[in-house]
Amino acid sequence: RSIIGRDGTFSIRPENADTWTDLAVSTPDNYIQFETGGLAEGLYFTRLAVSEQAPRPAAQRLSYTFETDNLLVDRTPPVLAAPVITRADGLLRISLSGRDALSLLDGAEFSLNNGLKATVVHPADGVLDGREETFVVEIPEAKAAGATSVEAILYDRAGNAASTRVPLK
């Protein structure tokens, strides 16, 4: 454990700006917590500048500035396409596509009005890696019996969700 003190300044700036805003200045804390409600949606770059403090003499103090993980502020839900519903070979197949302007999509949930729920986290292309994805659920007709509608919900990684309710064919 070092007896030499340190302090840090944590700053952010929007992706398309040059000016940094300091959120914590000369703090000895090893973390920062702040409210993002006042920030516009978008990607923010972050940086941390750390400096040694007393008892090391000022002329010998080391300092270092580096960029940290980017911060994404996203409060907007994904945009849904109309679900595609088909029946074949004893299966009810529901396909839900959507896209998000800022975040990767994270999964979909399907709730039939007969009480059946299904969550899908693997997209149709097999790779969960995009802001535009399609999620498909196949439900045996016997489990879908009596259902007349489905609520389909699409989630993004920022925790936003969009939903639609459609009748079953």
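Yes/no matrix, rows are residues, columns are (1) under 30 Å from Val127 (Cα atoms); (2) assigned to a loop (DSSP other than H, G, I, E, B); (3) out of contact with any Leu (no Cβ under 6 Å at 6 or more places or on another chain); (4) not charged (D, E, K, R):
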position: Val25; (1), (2), (3), (4): no, no, yes, yes
position: Asp29; (1), (2), (3), (4): no, yes, yes, no
position: Thr65; (1), (2), (3), (4): no, no, yes, yes
position: Gly98; (1), (2), (3), (4): yes, no, no, yes
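When restricted to residues that are open to solvent by 70 Å² or more (accessible area, probe 1.4 Å), part of a strand (DSSP E or B) and touching an Asp or Glu at 6+ places or on another chain (Cβ under 8 Å), region 67-82 contains 1. Within region 141-155, track down each residue that is open to solvent by 40 Å² or more (accessible area, probe 1.4 Å) and either of a type in the set (Phe, Trp, Tyr) or under 21 Å from Asp74 (Cβ atoms) (or both). Answer for region 141-155, where residues must be open to solvent by 40 Å² or more (accessible area, probe 1.4 Å) and either of a type in the set (Phe, Trp, Tyr) or under 21 Å from Asp74 (Cβ atoms) (or both): just Tyr155. In the set Glu109, Glu138, only one residue is acidic (Asp, Glu), closer than 28 Å to Thr36 by Cα, surrounded by 13 or more Cβ atoms within 10 Å (Cβ to Cβ) and modelled with pLDDT of 95 or more; that residue is Glu109. If you go through region 102-114 and keep only what is assigned to a loop (DSSP other than H, G, I, E, B) and within 11 Å of the chain's Cα centre (by Cα), you end up with Leu102, Ser103, Leu104.
Consider Tyr64 carefully, then state whether it is open to solvent by 60 Å² or more (accessible area, probe 1.4 Å) and touching a strand residue (DSSP E or B) at 6+ places or on another chain (Cβ under 8 Å). Against the criterion (open to solvent by 60 Å² or more (accessible area, probe 1.4 Å) and touching a strand residue (DSSP E or B) at 6+ places or on another chain (Cβ under 8 Å)), Tyr64 qualifies. Of the residues Ala108, Ala58, Ala54, the single one that is over 23 Å from Gly8 (Cα atoms) and not acidic (Asp, Glu) is Ala108. Flag set for Ile85, criterion: over 27 Å from the mean Cα position of the chain (by Cα), under 30 Å from Val150 (Cα atoms) and assigned to a strand (DSSP E or B).
The residue of region 16-40 that is farthest from the chain's Cα centre (by Cα), among those that are at pLDDT 90 or above and open to solvent by 90 Å² or more (accessible area, probe 1.4 Å), is Val25. Picking from residues in region 112-130 that are in contact with a Gly (Cβ under 9 Å, 6 or more places away or on another chain) and surrounded by 15 or more Cβ atoms within 10 Å (Cβ to Cβ), the one that is nearest to Glu41 (Cα to Cα) is Leu128. Scanning region 40-63 for residues that are of a type in the set (D, E, K, R) and either in a strand (DSSP E or B) or touching a Pro at 6+ places or on another chain (Cβ under 8 Å) (or both) returns Arg47, Glu52.
The values are calculated or read from the model by the stated rules, or taken from the named source; none is laboratory data. What you see is a predicted model, and the numbers here were worked out from it, not measured in a lab. Heads up, the Cβs are rebuilt from the backbone with ideal geometry, glycines too, and the neighbour counts pull from every protein chain shown. Surface areas here come from the heavy atoms of the whole protein model, side chains and all, with no ligands, DNA or RNA. Shrake-Rupley method; radii C 1.70, N 1.55, O 1.52, S 1.80 Å.
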